[in-house]
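Single-structure report; data block below.
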Amino acid sequence: MADLTSNFVGIQSPNPFWLASAPPTDKAYNVVRAFEAGWGGVVWKTLGEEGPPLVNVNGPRYGAWHSGDRRVMGFNNIELITDRPLDLNIREITQVKKDWPDRAMIVSLMVPCNEAAWKDILHKIEDTGADGIELNFGCPHGMSERGMGAAVGQVPEYVEMVTRWCKQYSEMPVIVKLTPNIADIRQSARAAHKGGADAVSMINTINSIISVDLDTFSINPSTGGKGTHGGYCGPAVKPIALNMVAEVARDEQTQGLPISGIGGISTWRDAVDFIALGAGNVQVCTAAMTYGFKVVDDMIAGLSDFMDSKGIQSVDEIVGKAVKQVTDWRYLDLNTIVKAEIDQDSCIQCGRCHVVCEDTSHQAISQMKGGQRHFEVLDEECVGCNLCVSVCPVENCITLRELSVGEVDARTGKTVSGEYANWTTHENNTMRAS
Amino acid sequence: MGQIQTAVDIQTARLNADEYIKNFSDMHPPLGATAALVEADRCYFCYDAPCTTSCPTGIDVAGFIRMISTENNIGAARLILEENILGGSCARVCPTETLCEQACVRNDQDQRPVSIGLLQRHAVDAAMAADKQFFGRAADTGKRIAIVGAGPASLSCAHGLARKGHSVTILEACEKSGGLNEYGLAAYKMLDDFASREIEYILAIGNIDIRYGQRLGVDFDLVNLQNDYDAVFLGIGLSAVNNLGLENEGAKNVINAVDYIAQLRQSNSLADLPVGKRVVVIGGGMTAIDMATQIRLLGAEEVTLVYRREKEAMNASEDEQKFTQVKGVTIRYNAKPHRIQTNEGQICGVEFESTKNNEGGRLEGTGAYFDLPADMIFKAIGQVFEAPSNCGFELDKGRIQVDAERKTSVAGVWAGGDAVSDGEDLTVAAAQDGKLAAGSIHRYLCN
């Protein structure tokens with residue numbers, strides 16, 4: 001059986017599945033249940049500075065976007081960092097770490113942007129025996145209005161500065177959690193790297209409004225008729241998160257900087273996606289909040305079975321395996337020609353491929369043959385765009401076939417040469433390299 | 001063949017009150033709100049959707065299901081009723097497994113079509129519950145149309161004409177409207193007096209007057225209508241039944257299934273219906289299935305449905321055959337009645353001869369015989385059209401000949417429903433006939 005043990009920036013855990021800093025990790029009761037269920041580690045819900053605990057709204061904190069069968073596709077929240085006293089959290093963290101020494105215990109932190117405040121809390125955390133800290137520079141609601149969370153994460157100079165303080169006043173590994181609410185995530189990652197971060201974790205939640213109540217015209221969820229933007233997460237954000245992880249993984253300035261992958265991870269397959277794009281481990285929240293902690297069973301078994309089937313011994317072998325295959329558009333080979341092909345045996349004749357191609361693309365799928373309903377690709381029109389493949393309800397019914405060298409593209413009349421050629425040298429590119 | 005020596009066992013009240021309620025509850029219970037969303041989500045919204053092509057009334061099935069998926073049940077109902085004002089009863093009684101659901105592409109993918117019938121019911125029920133009327137009357141044209149019969153074809157025609165501003169008078173022989181929706185069909189398909197509630201909903205458009213106890217050829221003739229009205233539509237159904245052609249066919253307890261079902265549908269107390277202990281039903285269509293299933297659900301202990309041909313040739317769909325079998329009816333294929341057996345003047349069974357298809361594909365007896373003891377025998381071997389006297393229209397295959405617009409050979413007279421040739425004997429086909437005839441009559445009167 002594959003070895004799932006994880007060593008992320010020196011932090012050991014029996015598997016690479018951590019619970020992200022969020023409601024599921026707010027207190028010992030939840031965290032102990034998570035460890036009993038098998039989670040490899042937790043990032044304890046963000047602690048703030050000493051003083052009267054902050055308060056949450058008493059109206060709804062969560063909103064969800066559902067599919068037709070009520071699956072939670074997207075989820076958002078307006079909950080703040082912990083609303084429990086600091087010393088209570090500290091006591092519980094200490095006790096849980098003592099009771100569960102093999103699990104990773106990371107503590108998420110967010111205090112005002114001054115050196116003394118950070119210095120003060122770091123010592124308290126170090127005394128708990130926690131394995132590391134995560135800097136919450138991402139929380140997009142509430143806390144950002146007070147100059148913390150995303151308000152820090154959106155300014156690279158602040159990210160670097162606070163990271164440096166943390167490295168200066170603490171021996172613990174420092175993970176910097178990045179906000180996606182920024183134009184170029186690489187700037188934040190570079191800043192964290194410069195500040196000496198051991199790793200970045202990404203992504204935090206995305207500014208969002210779930211929907212409008214069409215009876216009252218207030219947004220969902222609302223408190224007393226008013227709502228505010230919340231942090232978006234869940235399966236819907238995964239593709240956005242994957243891209244950001246890949247961007248940081250392949251950025252020359254941050255190459256090799258460990259990444260803890262976060263963003264809509266619901267299954268072992270999602271986890272492998274993140275790991276292959278450069279994440280050293282993953283953090284999960286929404287899946288647990290949707291189904292409970294038991295979802296980790298599938299993640300562990302699925303990852304292990306996947307690794308066995310591929311002959312992979314350790315998770316580290318997967319880390320970054322897909323990064324080299326991510327490139328810029330301008331380097332894509334313009335001489336690779338593909339055509340859609342419909343497998344008539346598995347086609348169920350829904351005609352969606354035809355109508356979407358006809359209405360919105362290249363008029364490359366016919367709908368009748370010999371007076372019968374029949375869907376067939378017209379090679380002379382097909383540009384290989386993948387739309388039909390994407391909308392076909394039958395997996396693998398429509399596939400893209402790459403033309404072999406020597407074949408003629410019926411659309412352009414050109415013979416496939418097999419030579420690599422991209423936009424940078426294309427004759428139509430007025431800015432082409434000479 | 002020896003005579004079966006048993007006393008006739010026919011009783012009322014074979015079951016207790018709870019059993020009647022359970023046995024005659026909804027055959028397909030309605031979908032709840034979430035179940036409807038989940039089911040609607042299974043629809044692929046096909047291009048040129050095969051379900052729509054398969055619907056005799058051409059309902060935009062994919063279109064209305066998409067509206068259900070966006071929680072717009074009222075919009076969905078409008079789309080349904082636009083093509084078929086009897087969409088509520090069709091959702092309940094259509095053999096969807098041979099129509100829209102048979103065409104669903106999901107059959108090829110996961111052997112289970114989208115439950116179109118249940119979704120259609122979901123939408124139409126929502127609109128009826130909200131008492132939402134979609135169609136108003138155009139300005140009064142001053143034209144008057146007589147419609148004979150108040151079954152599905154006639155109601156569809158009447159509604160279509162009323163929308164165009166015409167005045168409609170319906171002449172119905174029975175005491176109630178609805179035709180087979182009211183007097184035929186299995187009770188568990190049309191619960192809670194749905195047939196009459198639907199009629200009330202349809203008639204709410206106004207300018208449709210119904211006169212009961214008016215039988216064509218008895219109380220009035222076609223020529224009267226031609227003189228008094230601007231156009232006539234005949235939706236008179238099939239008024240006679242086929243006979244077995246056997247001795248003792250007129251004996252007590254040899255019953256026409258349609259008569260018994262009408263009695264059942266109109267009964268206020270199912271416990272009052274006479275039910276034999278052992279029952280034989282002869283036939284292979286929907287009436288035979290409905291009869292066998294219902295007599296079984298009324299407490300008959302042994303019910304055997306005997307059909308002269310093989311399973312595949314049966315008019316009743318495979319789903320219907322399975323349904324009756326699950327309810328405890330035994331189906332025997334390939335047997336034809338040879339003799340009605342009697343004992344001391346009372347019927348006591350039926351002797352059948354096994355059949356097979358000969359090399360020419362014709363059905364023939366094998367010479368092997370068997371007996372089925374019976375306290376009641378139901379005949380359900382088809383209904384026939386009885387042409388009213390003094391009508392003068394051409395017949396085709398024994399029914400009224402009509403063209404594509406449902407015009408008969410007599411000028412100014414249209415017809416539809418089971419009475420016309422090439423009829424599929426389905427509520428939905430009747431609804432389409434009425435709709436087409438209404439359009440044709442309107443063009444005839446106003447162009």
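Summary table below
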item	result
Count - residues of segment B:140-174 that are in a loop (DSSP other than H, G, I, E, B), modelled with pLDDT of 95 or more and under 25 Å from B:Ala91 (Cβ atoms)	3
Residue match in segment A:33-42 (condition: touching a Lys or Arg at 6+ places or on another chain (Cβ under 7 Å), in contact (Cβ under 8 Å) with a residue 12 or more places away in the chain and under 21 Å from A:Pro112 (Cβ atoms))	no
Subset of segment B:366-394 [more than 21 Å from B:Ala262 (Cβ to Cβ) and surrounded by fewer than 16 Cβ atoms within 10 Å (Cβ to Cβ)]	B:Thr366, B:Gly367, B:Ala368, B:Tyr369, B:Phe370, B:Ser389, B:Asn390, B:Gly392, B:Glu394
Out of A:Arg61, A:Arg33, A:Arg71, sole residue that is surrounded by fewer than 24 Cβ atoms within 10 Å (Cβ to Cβ), under 23 Å from A:Thr228 (Cα atoms) and basic (Lys, Arg)	A:Arg61
Strands (runs of 3 or more DSSP E) completely within segment B:281-354 that count 3 or more residues being surrounded by fewer than 21 Cβ atoms within 10 Å (Cβ to Cβ)	B:335-343
Enumeration of residues in segment B:358-390 that are assigned to a strand (DSSP E or B) and either within 16 Å of B:Val303 (Cα to Cα) or among the hydrophobic types (A, V, I, L, M, F, W, C) (or both)	B:Leu363, B:Ala368, B:Phe370, B:Asp371, B:Leu372, B:Pro373, B:Met376, B:Ile377, B:Phe378, B:Lys379, B:Ala380, B:Val384
Restricting segment A:311-354 to residues that are in a helix (DSSP H, G or I) and over 17 Å from A:Ile259 (Cα atoms), the residue that is nearest to the chain's Cα centre (by Cα)	A:Gln325
Residues located in segment B:73-87, provided they are of a type in the set (Gly, Ala, Ser) and either surrounded by fewer than 24 Cβ atoms within 10 Å (Cβ to Cβ) or under 22 Å from A:Cys392 (Cβ atoms) (or both)	B:Gly75
Count of segment B:108-139 residues which are part of a helix (DSSP H, G or I), within 14 Å of chain A (Cβ to nearest Cβ) and loosely packed, with under 14 Cβ neighbours inside 10 Å	1
Lone unmet requirement of (1) modelled with pLDDT under 95; (2) assigned to a strand (DSSP E or B) for A:Glu50	(2)
Subset tally (residues that are within 14 Å of chain A (Cβ to nearest Cβ), in contact with a helix residue (DSSP H, G or I) (Cβ under 7 Å, 6 or more places away or on another chain) and hydrophobic (A, V, I, L, M, F, W, C)) for segment B:11-64	11
Cβ-Cβ under 8 Å pairs, at least 6 apart or on other chains, segment A:67-83 side away from chain B (no Cβ under 14 Å), far side of a type in the set (D, E, K, R)	A:Asn77/A:Arg61; A:Ile78/A:Arg61; A:Glu79/A:Arg61; A:Ile81/A:Lys45; A:Thr82/A:Asp26; A:Thr82/A:Lys45
Some residue of segment A:279-286 being part of a helix (DSSP H, G or I) and surrounded by fewer than 24 Cβ atoms within 10 Å (Cβ to Cβ)	no
Count of residues meeting criterion [aliphatic (A, V, I, L, M), surrounded by 20 or more Cβ atoms within 10 Å (Cβ to Cβ) and away from chain B (no Cβ under 14 Å)] in segment A:317-355	4
Filtered residues of segment A:362-372 (kept if surrounded by 15 or more Cβ atoms within 10 Å (Cβ to Cβ) and either farther than 21 Å from B:Tyr44 by Cα or within 14 Å of chain B (Cβ to nearest Cβ) (or both))	A:His362, A:Ile365, A:Ser366, A:Gln367
Candidate set from segment B:395-418 (those that are within 21 Å of the chain's Cα centre (by Cα) and among the small types (Gly, Ala, Ser)); member that is surrounded by the most Cβ atoms within 10 Å (Cβ to Cβ)	B:Gly417
Residue count for segment B:81-115, restricted to those that are under 23 Å from B:Leu161 (Cα atoms) and out of contact with any Gly (no Cβ under 6 Å at 6 or more places or on another chain)	8
Condition met for A:Lys238 (of a type in the set (Lys, Arg) and either at positive phi or touching a strand residue (DSSP E or B) at 6+ places or on another chain (Cβ under 6 Å) (or both))	no
Subset of segment B:186-225 (residues that are within 25 Å of B:Val93 (Cα to Cα) and among the charged types (D, E, K, R))	B:Lys189, B:Asp192, B:Asp193, B:Arg197, B:Glu198, B:Glu200
Residue in segment B:239-248 that is of a type outside the set (Phe, Trp, Tyr), part of a helix (DSSP H, G or I) and farther than 21 Å from B:Met291 by Cα present	no
Selected residue (criterion: surrounded by the fewest Cβ atoms within 10 Å (Cβ to Cβ)) from residues of segment B:419-447 that are modelled with pLDDT of 95 or more and of a type in the set (D, E, K, R)	B:Arg443
Leading residue by the ranking (surrounded by the fewest Cβ atoms within 10 Å (Cβ to Cβ)) among those in segment B:198-224 that are part of a helix (DSSP H, G or I) and modelled with pLDDT of 95 or more	B:Glu200
Residues of segment A:84-95 classified as surrounded by 19 or more Cβ atoms within 10 Å (Cβ to Cβ) and either free of Cβ contacts under 8 Å to residues at least 24 places away in the same chain or touching a strand residue (DSSP E or B) at 6+ places or on another chain (Cβ under 7 Å) (or both), total	2
Within segment A:4-46, considering residues that are among the hydrophobic types (A, V, I, L, M, F, W, C) and closer than 19 Å to A:Ile78 by Cβ, the one farthest from the chain's Cα centre (by Cα)	A:Ala22
Unique match (being in contact with a Lys or Arg (Cβ under 7 Å, 6 or more places away or on another chain) and among the hydroxyl-bearing types (Ser, Thr, Tyr)) among A:Thr128, A:Thr163	A:Thr128
Selected residue [surrounded by 15 or more Cβ atoms within 10 Å (Cβ to Cβ), farther than 20 Å from A:Asn136 by Cα and not β-branched (Val, Ile, Thr)] from A:Ser304, A:Ser309, A:Ser260, A:Ser208	A:Ser304
Total residues in segment B:88-105, condition surrounded by 21 or more Cβ atoms within 10 Å (Cβ to Cβ), in contact (Cβ under 8 Å) with a residue 60 or more places away in the chain and in a helix (DSSP H, G or I)	5
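The values are calculated or read from the model by the stated rules, or taken from the named source; none is laboratory data. If you're wondering where the values come from, they're calculated on a predicted model, not measured in any experiment. Every residue, glycine as well, gets a Cβ built from its backbone with ideal geometry; the counts of neighbours run over all protein chains shown.
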